[in-house]
Amino acid sequence: MAVSLDPIATFRIEAQELFEHLETVLLDIEANPDDKDLIDSAFRAMHTIKGSGAMFGFDAASVFTHHLETAFDWVRKGKVAISSELVEVALVAKDHMRILIEHPDEANSSDGDAILARLAAVIGTAPAKVTLTRAAASQNPTLHKSATYRICFRLPVNALTSGNNPLGLLDELRELGTCTVTAITDDIPLLEDIDPFTCYLVWECLLSTEHPRSAIDEVFIFLLDDMELKVDIVEPDGRRLGEILLDRQAVSAEGLDSALTSQNRIGALLVKEGLVSSDIVTAALAEQGHLRGEAERAAKRENAGIRVQAERLDELMDQVGELVIAQARLRQMADAGKDIHFKALVKEIERLSSELRATTMGIRMVPIGALFSRFRRLVRDLSRELGKEIQLTTAGEETELDKTLIERLHDPLVHLIRNSLDHGIEAPAEREAKGKSREGVIHLSAVHSGAQVLITIKDDGQGIDPLRVRAKAEETGLIPSGTDFSDSDIFQLIFQPGFSTAGTVTSVSGRGVGMDVVKKAIDGLRGSIDVTSTLGVGATITLKLPLTLAIIDGLLVRVGKSRYVIPLSTVEECVERRTVDDTISAGFDFLSIRGELVPFLRLRSLFHVNTPSELFQRIVIVSAGGGRVGLAVDQLLGKHQTVIKSLSKLHAHVPGFSGATILGDGSVALILDIPHLIDYGQTCEAHSRAS
Amino acid sequence: MATVESTSLPVKILTLALAGEAFALEAEVVREILDIVTITDVPNAPAYVWGLINVRGKVVPLVDLRVRFGLTRSDFTIDTRIVVIELDLDGEPTIVGLLADKVYEVTTINTESIEATPRVGLKWRAEFIRGIGRRGKDFLVILDIDRVFASDQQAFIGDNTRNNEITRFVHAG
Amino acid sequence: MVEAYSTVLEFSGAATIRTAEDIVIKLKQALAESDTLIIVCDDLQEVDITFIQLIASARKSAMVLGKTLQVSAPIGGELLKTLNRAGIQPTGSQSFWFQERSV
């Protein structure tokens, strides 16, 4: 169980996150070129990659990144404007930086030079050649611990005429870190007394920075002799306004005490009583806000957590699963005995293990938003390549899914989005001709629905033409011509191997892989795909996926000698039925429940059970696809909390099971996958009718 | 049949019995050997992988080698064992239990003594076999465990590939 | 109801240290002549600290005289940028910069 803590590997993981962040920010910048926060955020990401890259020996990456950082520094300083070319180059540069860090051996330096040349062309000047030494990089300011300073300063009266622009000084302070600036206007005289060239303003700044104290003095280096400057370290805690004012000697302790005796809000009160000027309270309030922000940031940093390898989480999950099984056995022992203390202890352990299991499950769940944001670049690049105008909108980013599931969803989603881009959304001119907006929209959303998660890819393109799909399917012999099919059956045909209606092969989706790849991947996750489309209006593809690995509450049933788990979320009710009127049928039969005819499946025949059947059969009514279906079983054994264990590839194509679980006695029970089981029942029925 | 090289390398193997014949598989893939445990039927599964077992909290598929080789299932005896192995299935490390009528021992065999599978006169499906080993006057059928688990289309690739496999096995020792 | 006399003072182009003396004169004049002074800054292209100080001073004077000074809002562009750079907080004595126009 050796834990590898290779700092370079850790750096690579961190860099990967930075790259993802950078990409998101760059795409945001493209949409909001005036947002200074975004530009700063991009700049910071570049700066961090450069600095820590050099620290870990990725000199090439560091030097390369420096150029991009310089370009964005110019953007920040207003020397260069954001253009879509600049964003484009930055994105390409980001990809190159990623290669330099992840696969330095594969990096091609001429690629890098070409990108830098492009960058230079976009920003107008070639940034000076830079070589970075590791010693210099190790002085990276990020190594300093962050501190918060309160900086109070009054500039010399001639500051405005002597060419020392106070705004420039304040900007320089802001560049050192997070800075809250408050101007105190109390000294501004009345209009009749004013000298317009005198600097009357006094400033109070709260600066949280990783730079040393000396960096602050450097900002004021040419004025230090003639100005008032006071720099104090502030502890970032959630202090009260009164304390801050006291600390600043803006109010006396007695004044504060007497003010506090009234019930008014303290800031307004102190001003009202003339104890402090309103600007000083403003400054104190700003300080309070700043410190609170810093404290939150610090908390966030601590919350950032630790990295755990996915397989160790799997191990933990397995061990927790074993613990739960052991605990179930313990429970059986306790139930059999009479020892009250032992029973209480078992109850306690039961509670703990169930909490432990919930926590462990929670660790594996991650929001799908990160996956969604990876598609923004794809949509952007592909729509350019295809000459289309397409906007990607998303919803439900916070929907949590098992990490493994999210990873395995990436490729199928890429495929579906590409398909929408290429075949769904029309060219801008064509859209205009149809009276649609030039810009097409692809909407990606995720939502939990019971024990499933629904992921929807919706576009407002031309939709899927059922007639064309049918013609193509008949032509290729997928279906006999003239067969009666519903549109939704027809749409399912696009997932057949070798099926493609695209007239021309494009570089985007015509790469010889069809939608069958998507189908296979989703089947592999035991999910299903639903297609709806309105010709000319758009198509919607919905992926229904089980929350694999989730603990589900199950109903344990017996069929023949075997036990099975039915997800409780699908169970509506259970009814009893005499077996005598049983007919030999592999598929569905009907059952009348309170006047409603409900089809039901005999699991005994579906599972080829040949032990003698019970006199009464229990029918579990489950909801499936909007309807109700009964499942005839031999016995109901009760509720069972289930840790889903996925089945191996050897059983991947067995119909009707979403996984397995381990029961209290250590044996394995299969978990029924209701929608697939019903499909399978229908198929069996069709076969038995045919024969 | 001349692809077997003359260099002799010792390979560790586990020997077991299936339908009265001695088989061998590379000991390297074996994790443990279990007595018969409760086996859960998987309805509608391929016949050779009809069961699931619990191995230390993991749900593990059980492969009936007899069925895989085209024989019928047999009743368990006091000697029946489950050989738990770990292998790569389409790039995914997977734990699988193999049903064996009996397990003999872990031993060493010289690659020199492995001969290519004869084309005729074999009652076993030749595509699952790497070669025939000789220990004294006994024969050992050496399993190509990857082939046993390859999907059916892949398992029926022609003889050329199989010979290459044998060569690879010899080098791998 | 008799409406108090009010003046709208519009600044455009540059309001900086170079134009500060003119601005003082204009402000003094307008404040002497009217009860309500509305400052319009929609077309300001360049602003510095001196302008901020002058308007703040005029506002103070107006309050002392029982008169009103409003900055026509919403402010934006260079003026807003400069106020932010200078650390003029939207709460406290300088809140008048940011108040909604009451029409």
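The values are calculated or read from the model by the stated rules, or taken from the named source; none is laboratory data. Note that the structure is a prediction, hence the values are computed from the model and not measured. Heads up, the Cβs are rebuilt from the backbone with ideal geometry, glycines too, and the neighbour counts pull from every protein chain shown.
List the strands (runs of 3 or more DSSP E) inside the stretch A:349-440, counting only whole elements, that have at least 1 residues being at pLDDT below 85 and in contact with a Leu (Cβ under 9 Å, 6 or more places away or on another chain). Don't jump to the end; show me each part of the working.
Working: elements: A:365-367, A:390-395, A:400-402.
Because the criterion is at least 1 residues that are at pLDDT below 85 and in contact with a Leu (Cβ under 9 Å, 6 or more places away or on another chain), the strands (runs of 3 or more DSSP E) in the stretch A:349-440 that meet it are A:365-367, A:400-402.
Looking at the stretch B:4-14, can you tell me whether even one residue there is on the phi < 0 side of the Ramachandran plot and within 14 Å of another protein chain (Cβ to nearest Cβ)?
Our first condition is that a residue be on the phi < 0 side of the Ramachandran plot; within the stretch B:4-14, this holds for B:4-14.
Subset that is within 14 Å of another protein chain (Cβ to nearest Cβ): none.
Looking through the stretch B:4-14, none of the residues is on the phi < 0 side of the Ramachandran plot and within 14 Å of another protein chain (Cβ to nearest Cβ).
Considering each of A:S688, A:S658, A:S646 in turn, give the residue that is more than 9 Å from chain B (Cβ to nearest Cβ) and surrounded by fewer than 21 Cβ atoms within 10 Å (Cβ to Cβ). Spell out the reasoning first.
Values: A:S658 fails: surrounded by fewer than 21 Cβ atoms within 10 Å (Cβ to Cβ); A:S646 fails: more than 9 Å from chain B (Cβ to nearest Cβ).
Testing whether each residue is more than 9 Å from chain B (Cβ to nearest Cβ) and surrounded by fewer than 21 Cβ atoms within 10 Å (Cβ to Cβ) leaves just A:S688.
So if I check each of A:G387, A:G424, A:G435, which one is buried (at least 16 other Cβ atoms within 10 Å of the Cβ) and either free of Cβ contacts under 8 Å to residues at least 60 places away in the same chain or over 24 Å from A:D314 (Cα atoms) (or both)? Break it down into steps so the answer makes sense when it comes.
Numbers: A:G387 fails: buried (at least 16 other Cβ atoms within 10 Å of the Cβ); A:G435 fails: buried (at least 16 other Cβ atoms within 10 Å of the Cβ).
The conditions single out A:G424.
So is A:K338 more than 14 Å from every other protein chain (Cβ to nearest Cβ), out of contact with any Cys (no Cβ under 7 Å at 6 or more places or on another chain), modelled with pLDDT of 85 or more and outside any helix (DSSP H, G or I) or not?
Working: more than 14 Å from every other protein chain (Cβ to nearest Cβ): yes; out of contact with any Cys (no Cβ under 7 Å at 6 or more places or on another chain): yes; modelled with pLDDT of 85 or more: yes; outside any helix (DSSP H, G or I): yes.
Judged against the criteria, A:K338 is a match.
Limited to the stretch A:583-612, what total is found for residues that are touching a strand residue (DSSP E or B) at 6+ places or on another chain (Cβ under 9 Å), modelled with pLDDT under 80 and in a loop (DSSP other than H, G, I, E, B)?
So the answer is 4.
If you go through the stretch B:52-72 one residue at a time, how many are in contact (Cβ under 8 Å) with a residue 24 or more places away in the chain and over 21 Å from B:I13 (Cα atoms)?
Number satisfying all stated conditions: 7.
Which residues, taken from the stretch A:59-108, are under 28 Å from the mean Cα position of the chain (by Cα), of a type in the set (D, E, K, R) and not in a helix (DSSP H, G or I)?
none
Output yes when any residue across the stretch B:126-134 is assigned to a helix (DSSP H, G or I), in contact with a Lys or Arg (Cβ under 7 Å, 6 or more places away or on another chain) and free of Cβ contacts under 8 Å to residues at least 24 places away in the same chain, and no when none is. Lay out the reasoning, then the answer.
We begin by selecting, within the stretch B:126-134, every residue assigned to a helix (DSSP H, G or I); these are B:126-128.
Now drop any that are not in contact with a Lys or Arg (Cβ under 7 Å, 6 or more places away or on another chain), which leaves B:127-128.
After this cut, where a residue has to be free of Cβ contacts under 8 Å to residues at least 24 places away in the same chain as well, the list is none.
No: the stretch B:126-134 contains no residue that is assigned to a helix (DSSP H, G or I), in contact with a Lys or Arg (Cβ under 7 Å, 6 or more places away or on another chain) and free of Cβ contacts under 8 Å to residues at least 24 places away in the same chain.
Looking at the structure I just gave you, is A:L207 touching a helix residue (DSSP H, G or I) at 6+ places or on another chain (Cβ under 9 Å), crowded, with 21+ Cβ neighbours inside 10 Å and more than 10 Å from chain C (Cβ to nearest Cβ)?
Numbers: touching a helix residue (DSSP H, G or I) at 6+ places or on another chain (Cβ under 9 Å): yes; crowded, with 21+ Cβ neighbours inside 10 Å: yes; more than 10 Å from chain C (Cβ to nearest Cβ): yes.
Here the answer is yes, as A:L207 does meet what is asked.
Among the residues of the stretch B:36-54, are any in contact with a Leu (Cβ under 8 Å, 6 or more places away or on another chain), hydroxyl-bearing (S, T, Y), under 19 Å from A:V668 (Cα atoms) and facing chain A (nearest Cβ under 8 Å)?
The answer is yes, given that some residue of the stretch B:36-54 is in contact with a Leu (Cβ under 8 Å, 6 or more places away or on another chain), hydroxyl-bearing (S, T, Y), under 19 Å from A:V668 (Cα atoms) and facing chain A (nearest Cβ under 8 Å).
Here's the yes/no breakdown for (1) at pLDDT below 80; (2) farther than 30 Å from A:E355 by Cβ:
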residue	(1), (2)
A:V620	no, no
A:V629	no, yes
A:V643	yes, no
A:V654	no, yes
A:G659	no, no
A:I671	no, no
A:P675	no, yes
A:Y680	no, yes
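Among the residues of the stretch B:56-70, how many are more than 9 Å from chain A (Cβ to nearest Cβ) and surrounded by fewer than 19 Cβ atoms within 10 Å (Cβ to Cβ)?
Initially, the stretch B:56-70 is screened for residues more than 9 Å from chain A (Cβ to nearest Cβ), giving B:62, B:64-70.
Checking which are surrounded by fewer than 19 Cβ atoms within 10 Å (Cβ to Cβ) leaves us with B:66-67, B:70.
Final tally of qualifying residues: 3.
Within the stretch B:37-85, which residues are farther than 19 Å from B:I129 by Cα and among the acidic types (D, E)?
Of everything in the stretch B:37-85, those that are farther than 19 Å from B:I129 by Cα and among the acidic types (D, E) turn out to be B:D41, B:D75, B:D79.
Being of a type outside the set (F, W, Y), modelled with pLDDT of 80 or more and in the same structural domain as A:V537 (by TED's automatic domain parsing) is the requirement here; does A:V508 meet it? Write out each step before concluding.
Numbers: of a type outside the set (F, W, Y): yes; modelled with pLDDT of 80 or more: no; in the same structural domain as A:V537 (by TED's automatic domain parsing): yes.
It is false that A:V508 is of a type outside the set (F, W, Y), modelled with pLDDT of 80 or more and in the same structural domain as A:V537 (by TED's automatic domain parsing).
I need the full set of residues from the stretch A:187-197 which are more than 8 Å from chain C (Cβ to nearest Cβ) and under 20 Å from C:G87 (Cβ atoms), in order please. First the steps, then the outcome.
So in the stretch A:187-197, the residues more than 8 Å from chain C (Cβ to nearest Cβ) come out as A:187, A:193, A:195.
A:D187, the sole residue that qualifies.
Let me confirm something: among A:F600, A:F616, which residue is assigned by TED's automatic domain parsing to the domain that holds A:P675, under 21 Å from A:V571 (Cα atoms) and surrounded by 15 or more Cβ atoms within 10 Å (Cβ to Cβ)? Outline the logic, then answer.
Working: A:F616 fails: surrounded by 15 or more Cβ atoms within 10 Å (Cβ to Cβ).
None of the others qualify; the one that does is A:F600.
Limited to the stretch A:325-354, what total is found for residues that are under 20 Å from A:H640 (Cβ atoms) and out of contact with any strand residue (DSSP E or B) (no Cβ under 7 Å at 6 or more places or on another chain)?
Here is the first cut: in the stretch A:325-354, the residues under 20 Å from A:H640 (Cβ atoms) are A:325-336, A:346-347, A:349-354.
Pick out the ones that are also out of contact with any strand residue (DSSP E or B) (no Cβ under 7 Å at 6 or more places or on another chain) and you get A:326-336, A:346-347, A:349-354.
Of the residues in the stretch A:325-354, 19 are under 20 Å from A:H640 (Cβ atoms) and out of contact with any strand residue (DSSP E or B) (no Cβ under 7 Å at 6 or more places or on another chain).
Would you pick out the residues in the stretch B:43-64 that are touching a helix residue (DSSP H, G or I) at 6+ places or on another chain (Cβ under 6 Å) and in a strand (DSSP E or B)?
If the condition is that a residue be touching a helix residue (DSSP H, G or I) at 6+ places or on another chain (Cβ under 6 Å) and in a strand (DSSP E or B), then B:P61, B:V63, B:D64 are the ones that fit.
If the requirement is being β-branched (V, I, T), over 18 Å from A:V668 (Cβ atoms) and not in a loop (DSSP other than H, G, I, E, B), which of these qualifies: B:V67, B:V84?
Result of the check over B:V67, B:V84: B:V67.
Look at B:F156 and say whether it is of a type in the set (F, W, Y) and modelled with pLDDT of 75 or more. Break it down into steps so the answer makes sense when it comes.
Details: of a type in the set (F, W, Y): yes; modelled with pLDDT of 75 or more: no.
No.
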